[in-house]
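Structure first, commentary second.
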């Protein structure tokens, strides 16, 4: 049961709920905030879809805590070692803008720190153990987030 609950989309939903709750007492009425928010949400979803598609084509899992079968370094993975998590962060930032809750934007870097500690560090350790020097070269040229 823990594996079902402890997944990045669940944490994204919880952080999104916090943004939404923070937006309820007052909204900032940002010019173009909702439009910019929708743009970030769409960009995040596209990024996640492209990354998941690349992983499927490489026949490796995009499910956290599973051992990888391939090291994907091209396409969106040349931009970020974690494009799905980056997409999550874009969605969260987009929701803050869409809901005109810029005062809640501080949750985005908190989400990124949380995801790094909860998922990314363990994933990187598994990938490093599996792919060794190839992963080390990849980390030297591609940043974790952006």
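The values are calculated or read from the model by the stated rules, or taken from the named source; none is laboratory data. This structure is a prediction, so every number in the text was calculated from the model and none was measured. In this analysis, Cβ positions are derived from the backbone assuming ideal geometry, glycine residues included, and neighbour counts consider all displayed protein chains.
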| message | Out of everything in the stretch 95-130 that is in contact with a helix residue (DSSP H, G or I) (Cβ under 8 Å, 6 or more places away or on another chain), more than 30 Å from residue 28 (Cα to Cα) and in contact (Cβ under 8 Å) with a residue 60 or more places away in the chain, what residue ends up being surrounded by the fewest Cβ atoms within 10 Å (Cβ to Cβ)? | response | 118
| Single residue of the stretch 44-60 satisfying the filter (under 17 Å from the mean Cα position of the chain (by Cα) and closer than 19 Å to residue 144 by Cβ) that is surrounded by the fewest Cβ atoms within 10 Å (Cβ to Cβ) | 52
| remark: Condition set crowded, with 21+ Cβ neighbours inside 10 Å and in contact (Cβ under 8 Å) with a residue 60 or more places away in the chain, scope the stretch 61-83, selection farthest from residue 10 (Cα to Cα): answer is 81
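Each row is one residue, and each column tells you yes or no for (1) out of contact with any strand residue (DSSP E or B) (no Cβ under 9 Å at 6 or more places or on another chain); (2) at pLDDT 95 or above; (3) under 21 Å from residue 119 (Cα atoms).
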| site | (1), (2), (3) |
| --- | --- |
| 8 | yes, yes, yes |
| 20 | yes, yes, no |
| 29 | yes, no, no |
| 55 | yes, yes, yes |
| 65 | yes, no, yes |
